[in-house]
Amino acid sequence: MTRFNVQVITTQVHDGQKPGTSGLRKRVKVFQQQHYTENFVQSIFDAVSPDGKTIVVGGDGRFFNTEAIQTILKIAAANNVAKLIIGRNGILSTPAASNVIRKYKADGGILLTASHNPGGPDNDFGIKYNMSNGGPAPEAVTEKIYERTKTIKEYKILEAQPLSLEEIGEFTFGPLKVQIIDSVKDYVELLKSIFDFDLISDFLTTNTSFKVLFDGMHGVTGPYGRAIFVETLKLPESSIQNATPLPDFGGGHPDPNLTYAHDLVKVVDEKNIDFGAASDGDGDRNMIYGANAFVTPSDSVAVIADWAHCIPYFKNGVKGLARSMPTSGAIDLVAKAKGVEVFEVPTGWKFFGNLMDAGRLSICGEESFGTGSDHIREKDGVWAIVAWLNILAAANKDKPGTGINDILQDHYQKYGRSFFSRYDYEEVDSDGAKKVVDHINEGINSNSLIGKKFASSTGDFVVSEAFNFSYTDPIDGSVSKNQGQVVRFEDGSRVVFRLSGTGSHGATIRLYVERYTKDETQYTLETAKGIKGLIEVALVLSKLEEFTGRKEPTVIT
Ligand code: G6P
Ligand code: ZN
């Protein structure tokens, strides 16, 4: 038997390797520090007992992806992992990785991504561990990994030349088996098993004036988008843009919202495109945007749930629906109409996984441009985009000429409208952020907010309830406290304050506002107008501007 050269390297603890909402995210330069990546990878293996296991590895192709994979290969080989399944050239979108874990019955996955955060040598990288169900590791596991990073003294690594990741096939790397797979194929097969591609294709070929534009934002979804929109649906090459993945996302911020997806917004508006859509760096987020029609993520998931019957995957109905707490309650109304359960979980896709595994959840979404279903255990950008095409194709069969706006207006007519917006104050000074949180907590804990009347330019708002959101997982009973501060008003509106758990440095305060109306005259109103007064109230009651010195949010979505 060949002897492999496994080395035990003495290391020192790196502080702050605590996974956030979605894995460990830091500047590339932080990961490049001596032993930093090695420590974290070894800690993952120490936490998940990798003996004889099969692990999927892939990333969004951002700068440092390749180096990190070579490190994982060497550490996996030295830690008795049996096999790594790796996307060709190290590429797997986050949803594709979730699918591969499930389809190949792997024991887990290491995903290399910082999602929608900018990439490149001066920007972010990330490492995230997923479980055998294909979903992000729950807090119990990420805590175990973190605990390990705080005491690590050595790591084991195989001394070997880098393995080429270019060719599909089976290889060995020291004692480790390595299977390199096509990054796109399994995912396309999955979507074909979910949606009515014949219906979509018929609709698009008989309505050639209905224009589609998919924007990959130079993230990982370019090749996935090409496979679906150009190769499968036979749309022209001009129906995809920014579809070449780049390690720095072309210098952009690969986050599909109205601010950062400006390339898409510009072309859609200029060319009057009926259906525009974008996905983020690692392919799990989506934005649906047509000429004069922006779909808020909260509405998007509600619409998909309402139209689920036209998607073959849901032909037997939906089991349950869910949203994250700050997401608007639009989907709750659909659940009520369908007579199915609806769950409100904390921010973070990992909270949906248990409900899906227990067969209680089919479709869910978050205000943060995440939409998905139990076909995998991650949110899925391209899935949501094809879901909308499936819905539009079905709607056009009944009523030719139906566009995004018609779908939205019909939805509001049926259920009423939830105005929703999120204000982000990025990279605020941590002291200021803490003061905001403390100040609201004071109001919550002393009960002094209840009954308080706040005047605004659109009328008075009286507080009916104020609390810190806490969640008890209905499946495993685990409790997650302090998941956001909620202030409700007598008219049913609410504001929520939360600190982001995905930033790589500084604090980001998120302010979420929601106002529901059944007044038909407001269904076509701009969101900004619909929530104007509520925003004023939120800023007054939190003293956000005073404590942070910020007069304007960094991003409004
Ligand atoms: C990621 C997570 C989502 C979460 C979003 C915002 O995309 O997967 O579940 O909603 O980040 O999280 P944050 O903690 O920054 O508000
Ligand atoms: Zn993402």
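When only C-alpha pairs under 8 Å and at least 6 residues apart count, what is the relative contact order of the chain, in percent?
Here the relative contact order equals 13 percent.
To make sure I understand the rule: partners must be aspartates and glutamates, Cα under 12 Å from the Cα of Lys53, and not fewer than 8 residues away in the same chain. Which ones qualify?
Reachable aspartates and glutamates: Asp107.
Taking amide hydrogens as modeled 1.01 Å from N in the peptide plane, which residues meet the under 5 Å criterion relative to Ile85, leaving out close sequence neighbours?
Excluding prolines and chain starts, which carry no amide H, the hits are Ile55, Val56, Val57, Gln179.
Hey, what do the phi angles of region 199-212 turn into as Karplus ³J(HN,Hα) couplings, whole Hz, using 6.51/-1.76/1.60 and θ = phi - 60°, x for Gly and Pro?
4, 4, 4, 4, 4, 6, 7, 8, 10, 5, 7, 7, 9, 10
Of Gln161, Leu204, Ala227, which is farthest along the charge dipole of region 150-232 in the positive direction, counting Lys and Arg as +1 and Asp and Glu as -1 at C-beta?
My answer, from the dipole projection, is Gln161.
Please list, in chain and number order, the residues 5+ apart from Ser464 or on another chain whose amide H is under 5 Å from its amide H, with Hs placed from the backbone.
It is Gly451, Arg488, Phe489, Glu490, by chain and number.
Rank these for me by crowding, Met356, Met217, going from fewest to most other beta carbons within 10 Å.
Numbers: Met356 24, Met217 32.
Arranged by neighbour count, lowest to highest, Met356, Met217 become Met356, Met217.
Within 10 Å of each residue's Cβ, count the other Cβ atoms and sort Cys310, Cys364 from fewest upward.
Exposure proxy ranking, most exposed first: Cys310, Cys364.
Of Val513, Gly484, Ser49, which is farthest towards the positive pole of the chain's charge dipole, taken about the Cα centre with +1 and -1 on the beta-carbons of Lys, Arg and Asp, Glu respectively?
Positive-end residue among those listed: Ser49.
Would you mind checking the pairs Lys29/Lys192; Lys18/Lys185; Lys271/Lys551; Lys26/Lys543 and listing those with alpha carbons more than 32 angstrom apart? Mind dumping the intermediate values first?
Values: Lys29/Lys192 40 Å; Lys18/Lys185 34 Å; Lys271/Lys551 35 Å; Lys26/Lys543 30 Å.
Table pairs above 32 Å Cα-Cα are Lys29/Lys192; Lys18/Lys185; Lys271/Lys551.
Number of Lys-Lys pairs in region 286-415 under 19 Å by Cα, sequence gap 8 or more or different chains?
11
With a point put 7 Å past each Cα toward its Cβ, work out how far Thr244 is from Ser201 in nm, to one decimal.
Here the modelled spin labels are 2.9 nm apart.
Let me know the charge dipole size of the chain about its Cα centre in debye, to the nearest 20, where only the beta-carbon of Lys, Arg (+1) and Asp, Glu (-1) is charged.
840
For a quick check: with amide H placed at 1.01 Å from N, whose amide H comes under 5 Å from Asp215's, ignoring anything fewer than 5 positions away on the same chain?
Amide H neighbours of Asp215: Gln241, Ala277, Ala278, Ser279.
Most exposed first by the Cβ proxy, i.e. fewest other Cβ within 10 Å, how do Arg88, Arg102 rank? Could you put the intermediate results ahead of the total?
Values: Arg88 18, Arg102 21.
Fewest-to-most ranking of Arg88, Arg102: Arg88, Arg102.
Please work out the C-alpha center-to-center distance from region 231-293 to region 525-554 and express it in whole Å.
Comparing the Cα centres of region 231-293 and region 525-554, I get a distance of 29 Å.
Just name one of Ala337, Gly135, Ser115: the one whose Cα is farthest towards the positive end of the charge dipole of the chain (beta-carbon charges, Lys/Arg +1, Asp/Glu -1).
Among Ala337, Gly135, Ser115, the one farthest towards the positive end of the dipole of the chain is Gly135.
Please say if the chain is rounded, prolate or oblate, where rounded means a/c under 1.5 for a ≥ b ≥ c the square roots of the C-alpha gyration tensor eigenvalues, and otherwise the choice is prolate for a/b larger than b/c and oblate otherwise?
Verdict is oblate for the chain.
Short version: ³J(HN,Hα) in whole Hz for each residue of region 161-174, in order, from phi by Karplus 6.51 cos²θ - 1.76 cosθ + 1.60 (θ = phi - 60°), x for Gly and Pro, what are they?
Ordered by residue, 3J(HN,Hα) equals 6, x, 8, 6, 10, 7, 9, 6, x, 9, 9, 10, 9, x Hz.
Which whole-Hz couplings ³J(HN,Hα) result when phi for each residue of region 217-231 is put into the Karplus expression 6.51 cos²θ - 1.76 cosθ + 1.60, θ = phi - 60°, listed in order with x for Gly and Pro?
Values, residue by residue: 6, 6, x, 6, 7, x, x, 5, x, 4, 4, 7, 7, 8, 6 Hz.
Taken together, the values in this text are just the output of simple stated rules run on the coordinates, not laboratory data. Worth saying up front: this structure is predicted, and the values here are computed from it rather than measured. Reconstructed Cβ throughout: ideal geometry from the backbone, glycine too, with neighbour counts over all protein chains shown.
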